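The values are calculated or read from the model by the stated rules, or taken from the named source; none is laboratory data. From a predicted model like this one, the values you see are computed outputs, not experimental measurements. Cβ placement follows ideal geometry from the backbone for every residue including glycine, while neighbour counts extend to all protein chains displayed. Calculation scope for accessible area: heavy atoms of the full protein, side chains included, ligands and nucleic acids excluded. Shrake-Rupley method; radii C 1.70, N 1.55, O 1.52, S 1.80 Å.
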Amino acid sequence: QAFGCRCVPHTLVGATAEFRHASCGARCAIAQSDRMATADSSRTYMAFLCLLALMQGWTSSVWLVCAKELTAVHGSPAFTAGISHFMSCLILLLASGRELWATGWSGMRSKVAEIPHKIALLAGLGWSATIAIASPALGVGLTHVLVVSGELLTACSVDLIQGGGSLLALLAAAPLVITGVVCTVTEEVHTVGLSWPQIVGWTLASSACGAGLVLNSLGNTHVRKYLGALPASALSATVASAGNVVIWLVVEAQGVQFQPSSDTSVVLTWIMIGFAASYMVLVTTFVPDRIGFAFAFVLIICGKLASGLLVDALGFLGGQRRPVTLWRGIGVAAVFLGALLLKLPKAFAPKKV
């Protein structure tokens, strides 16, 4: 077809394919190296995107470790989440500066005007909800289990509302997710000694955070189609920062004062949490639309749960060690199986043309 004839495959030797003309039987040889190189690069690109999604889960554990460390220094999760989003906002604005400069203020306003669902511009407020998981009271593994549970329930609700979810899959997965939460929470109570009222409060807060993160990802993906990945991520970080400014002021009005520190290790932790937050929001904005939301979601969950168990078992940054016990393992496995039941059928479903 590239040479203006209708050819059908006949033989393939090395990088050269021999074709026979469909009408007259004449033969022609067309090099296939370009096609093979394109296919290889496409597979490599997809593998790279999958790795980015998997590492997003591990990066979230880095964020949690830094957040819990900074909360102990500065006095409140509100301050820690605020610092995280301020740093992320700065990093993403610098990263997207060239694109924003080239587009200009009027061009950006025109792009924003094209966004059909303007509510998506406020998706960064869902990211502000990470204040609920910055407390050092819970282990990283349990925090991930609770957040993932909130993400799953929210994502399923959105799917059902949009008519793309399966009620049967939800009914099969929900008991697994609930079992996983109960097993992990019970083990946390026995290991750390937190009271049940405290655990219930943090469970509700962390699950709400998971819901906020799903809505953040949905909104960012919608905005990205019109603004681009970096500007959409920068906008999300800016909105999240604005939300955290309000939370910060409310907390200080209640008498909780920010405890400053110029220690080198604290400043380095600020930088680390800023880059971790930037990476997470960029991946959730850029990757799911390319490899599929369901598959990306499963990869991110896999990274979160595996890294959470490892961080707790090793007790990073002087935190209390939480060994991988039978019940903790059952809890994590049950939540992951629930995610597989809900998401994998969609991940491998035939795409509509």
Task: Scope segment 77-110; condition loosely packed, with under 15 Cβ neighbours inside 10 Å and either over 22 Å from the mean Cα position of the chain (by Cα) or in contact (Cβ under 8 Å) with a residue 12 or more places away in the chain (or both); matching residues - done: GLY97, ARG98, TRP101, ALA102, GLY104, TRP105, SER106, GLY107, ARG109, SER110
- [ ] Could you identify the single residue in GLU188, GLU114 that is of a type in the set (D, E, K, R), open to solvent by 60 Å² or more (accessible area, probe 1.4 Å) and touching a residue at least 40 places away in the same chain (Cβ under 8 Å)?
- [x] GLU114
Task: Qualifying position, being buried (at least 16 other Cβ atoms within 10 Å of the Cβ) and either over 18 Å from LEU122 (Cα atoms) or not polar (S, T, N, Q) (or both), among VAL223, VAL256 - done: VAL223
- [ ] For residues that are closer than 19 Å to PHE86 by Cβ and touching a Leu at 6+ places or on another chain (Cβ under 8 Å), scanning just segment 270-283, find the one that is surrounded by the fewest Cβ atoms within 10 Å (Cβ to Cβ).
- [x] TRP270
Task: Evaluation of GLY274 against (1) at pLDDT 90 or above; (2) within 30 Å of ILE178 (Cβ to Cβ) (one fails), failing number - done: (2)
- [ ] Could you pull out the residue among LEU213, LEU305, LEU299, LEU218 that is under 30 Å from ALA113 (Cβ atoms) and crowded, with 21+ Cβ neighbours inside 10 Å?
- [x] LEU213
TODO: Could you please let me know if VAL298 is touching a residue at least 24 places away in the same chain (Cβ under 8 Å) and either in contact with a strand residue (DSSP E or B) (Cβ under 8 Å, 6 or more places away or on another chain) or closer than 30 Å to ALA173 by Cα (or both)?
DONE: yes
TODO: Looking only at segment 130-150, count how many residues are in contact with a Leu (Cβ under 7 Å, 6 or more places away or on another chain) and surrounded by fewer than 24 Cβ atoms within 10 Å (Cβ to Cβ).
DONE: 1
TODO: Give segment 240-256 a look and list any residue that's out of contact with any Gly (no Cβ under 7 Å at 6 or more places or on another chain) and not in a helix (DSSP H, G or I), or say none.
DONE: GLN254, GLY255
- [ ] Using the structure shown, decide if LEU152 is under 18 Å from the mean Cα position of the chain (by Cα) and farther than 23 Å from HIS74 by Cβ.
- [x] yes
Task: Criterion: part of a helix (DSSP H, G or I) and in contact (Cβ under 8 Å) with a residue 40 or more places away in the chain - qualifying residue of VAL311, VAL267 - done: VAL311
- [ ] Considering only segment 92-203, give the helices (runs of 4 or more DSSP H) lying wholly within it that have at least 1 residues that are in contact with a Lys or Arg (Cβ under 8 Å, 6 or more places away or on another chain).
- [x] 97-114, 140-161, 167-192
